[in-house]
Amino acid sequence: MENKIVFITGATSGIGEACAHKFASKGYNLILNGRKADLLDKLKQQLEAQYGMAVLPLLFDVRNKIAVETTLQALPDEWKAVEILINNAGLVLGTEKEFEVDLEESGIVIDTNIKGLLTVTRCIVPGMIARGKGHIINIGSIAGDAAYAGGSVYCATKAAVKALSDGLRIDLVDTPLRVTNIKPGMVETHFSITRFRGDKTKAGAVYQGLQPLTPMDIAETIYFAASAPAHVQIAEVLIMPTNQATGTITYRR
Ligand code: NDP
Ligand code: 8X3
């Protein structure tokens with residue numbers, strides 16, 4: 001295939017979907033992963049019609065190791081040469097204290113944000129090494145820099161994303177491959193609705209009185225990192241709204 005290929009996990013919403021639009025608008029072909037077949041199909045139709053590139057939808061849950069491995073091993077030949085991997089699929093469930101969390105939910109968050117990311121990386125990076133070309137962009141978070149109240153498990157997973165990103169960068173230091181950890185602060189997506197288990201009022205309150213980032217703000221930053229010259233490796237980007245200073249300090253009108 002002529003165009004370069006970007007593979008985005010969790011592409012059916014928020015930051016992943018914005019990345020799909022950004023890279024499609026630049027002529028990339030996209031492998032888009034998600035868990036909702038209808039949304040994936042709709043996105044494929046929309047992007048191909050709007051930008052004239054090609055989309056390969058991949059329906060799987062990143063927690064399902066067998067599904068990830070078999071699907072990625074069976075990629076059609078013309079889709080194998082993934083140049084940019086955006087490990088974006090992720091979530092948080094609940095705001096309980098660490099000693100009160102629902103362990104089933106914590107398991108879902110850990111299995112998605114850490115093990116899912118590692119599984120996809122494990123499947124895609126060897127091909128990048130063999131081709132001598134590749135960029136792995138992990139979506140970490142400001143939450144990985146310091147824990148905050150009610151975020152213990154989620155913060156731990158994003159600290160893990162930082163360690164996995166740093167470790168991979170070390171392991172790839174003798175190759176042309178690059179690794180970037182994008183660490184957003186507050187971005188208004190479905191993220192907080194998921195955190196509050198569907199309660200839109202509570203989710204909306206998170207962004208009241210300040211202007212949060214948009215998913216496209218993050219996609220633009222990711223595109224900037226991906227389009228830097230080959231000798232430039234943007235290792236980390238911490239990006240937050242102007243009225244956010246840390247994971248917990250904000251100014252609200
Ligand atoms: P959204 O909830 O809008 O999007 C999350 C996406 O990930 C959805 O497409 C979701 O699909 C998908 N996803 C979740 N679990 C899985 C899974 N097991 N397998 C495959 N796909 C999955 O949230 P965001 O766009 O905000 O989140 C994207 C990433 O950004 C996450 O890693 C998040 O931690 C990170 N982030 C978000 C911030 C924010 O303030 N919004 C700030 C910092 C980081 P489905 O609908 O099927 O669940
Ligand atoms: C999501 C951002 O505000 O929960 O990673 O730390 S926040």
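For the chain, the calculated P(r) over all alpha carbon pairs, in 10 Å bins from 0 to the bin holding the longest distance, is 7, 32, 38, 19, 4, 0 percent. Remark: spin-label model distance His190-Glu105 equals 1.8 nm, labels positioned 7 Å along the Cα→Cβ axis.
Two tests apply to each whole DSSP H helix in the chain, Cα reach of 15 Å or more along its axis and mean Kyte-Doolittle hydropathy of at least 1.0, and the ones passing both are 117-131.
By the beta-carbon count within 10 Å of each Cβ, the least crowded to most crowded order of Asp145, Asp61, fewest first, is Asp61, Asp145. Remark on the range 1-89: hydrodynamic radius 12.8 angstrom, per the Kirkwood mean of 1/r across alpha carbon pairs. Here the range 88-134 and the range 1-78 have alpha carbon centers that stand 18 Å from each other. Less than 5 angstrom separates the built amide H of Arg178 from those of Gly134, His135, Ile136, all sequence-distant by 5 or more or on a different chain.
Express in whole angstrom the spacing between the alpha-carbon centres of the range 205-239 and the range 168-190. Between the Cα centres of the range 205-239 and the range 168-190 lies a distance of 11 Å. Taking only Cα atoms and a 10 Å spring cutoff, compute GNM fluctuations for the chain and point out the largest among Glu220, Glu236, Glu96. Greatest mean-square fluctuation among the candidates belongs to Glu96. With a threshold of 29 Å on the Cα-Cα distance, the over-threshold entries among Lys44/Lys115; Lys97/Lys183; Lys36/Lys97 are Lys36/Lys97.
Under Stokes-Einstein, with the Kirkwood radius over Cα pairs standing in for Rh, what whole-number D in µm²/s applies to the range 136-253 at 4 °C and 1.567 mPa s? In µm²/s, the coefficient rounds to 85.
Using a 10 Å cut-off on Cβ atoms, rank the peptides 8-20, 193-205 from the highest mean neighbour count down. Don't skip to the end; give the middle numbers.
Values: 8-20: 25.5, 193-205: 14.0.
Averaged packing, sorted descending, gives the order 8-20, 193-205.
May I ask you to compute the full-extension gain from Arg131 to Ala230, defined as 0.36 nm times their residue separation minus their alpha-carbon distance, rounded to one decimal in nm?
Details: separation 99, 0.36 × 99 = 35.64 nm, distance 1.46 nm.
Length gained, Arg131 through Ala230: 34.2 nm.
The mean sequence separation of alpha-carbon pairs under 8 Å and at least six residues apart, normalised by the residue count of the range 112-238, gives a relative contact order of 27 percent. Across the range 238-253, rounded Karplus estimates of 3J(HN,Hα) from the backbone phi angles (6.51 cos²θ - 1.76 cosθ + 1.60, θ = phi - 60°) give 9, 9, 9, x, 4, 8, 10, 10, 9, x, 10, 9, 9, 10, 10, 7 Hz, Gly and Pro being marked x.
Among Met216, Met128, Met53, a tally of other beta-carbon atoms within 10 Å of each Cβ gives an order, fewest to most, of Met216, Met53, Met128.
Read the figures in this text as sums done on the coordinates, not as results from a lab. This structure is a prediction, so every number in the text was calculated from the model and none was measured. All Cβ positions, glycine included, derive from the backbone under ideal geometry; neighbour counts span all protein chains shown.
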